[in-house]
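The values are calculated or read from the model by the stated rules, or taken from the named source; none is laboratory data. Keep in mind the model is a prediction, meaning the values are calculated, not measured. For neighbour counting, all protein chains shown are included, and Cβ atoms are generated from backbone atoms with ideal geometry for every residue, glycine included. Side chains included, ligands, DNA and RNA excluded: accessible areas come from the protein's heavy atoms. Shrake-Rupley method; radii C 1.70, N 1.55, O 1.52, S 1.80 Å.
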Amino acid sequence: MTSRRPVLFALILDIVLVVVFAAIGRATHDGDVLGPAGAGLATTAWPFVVGLLLGWAVSLGWRRPLAPLRTGLPVWGVTLVAGMLLRAVSGQGVAVAFVIVAAITLALFLVGWRTVAAVAARARVSRSA
């Protein structure tokens, strides 16, 4: 495995999970994941995808893309805050209940998979030792 593979894997997985988060929200509240002309999901997801990319830049996520604390936590925090700010300035609304649900869901998604991967890696090392 080249050194770029884990970075690319982590970034793509993060983007997919942020889009899944947006899709779940649209399915729950609008009943139509894609929205009119397919633009609804993109409209809902873009603030968080931009926040995610900013989080990667701030945390230097490419250095330790699989690290739950060093990368996962800052990526989560920046994704949440920037996503909410971008939603607010684009007129999409930011209710307190939504912020709470988004914080929990994005933490589970962005920190959670990294935690599972770290635990699995440690277990694999322990078994081989």
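How many percent of the accessible area of segment 1-49 is carbon or sulfur, using a 1.4 Å probe?
Details: 2080 of 2950 Å².
Solvent-exposed carbon and sulfur of segment 1-49 make up 70 percent of the total.
Checking a compactness column here: for the chain, what do you get for Rg(Cα) / (2.2 N^0.38 Å), N being the number of residues? It would help to have the intermediate numbers written out before the result.
Values: Rg = 15.7 Å, N = 129, 2.2 N^0.38 = 13.9 Å.
After normalising by residue count via 2.2 N^0.38 Å, the value is 1.13.
Per residue, the accessible area of the chain comes to 58 Å² when a 1.4 Å probe rolls over the protein heavy atoms. Dividing the mean sequence gap of close Cα pairs (under 8 Å, 6+ apart) by how many residues segment 1-116 holds gives a relative contact order of 26 percent.
Across the protein chains, with a 1.4 Å probe defining accessible surface, the residues Trp56, Trp46, Trp76, Trp113 rank Trp46, Trp76, Trp113, Trp56 from largest area downward.
Candidates Leu60, Gln92, Leu108 compared by Cα position along the dipole of the chain: farthest toward the positive end lies Leu60, with charges placed on Cβ. Stretching the chain fully between Ala120 and His29 yields a gain of 29.3 nm (0.36 nm per residue, less the alpha carbon separation).
Gain in length, Ala97 to Arg4, computed as 0.36 nm per residue apart minus the alpha-carbon separation, to one decimal in nm? Full extension from Ala97 to Arg4 adds 29.7 nm.
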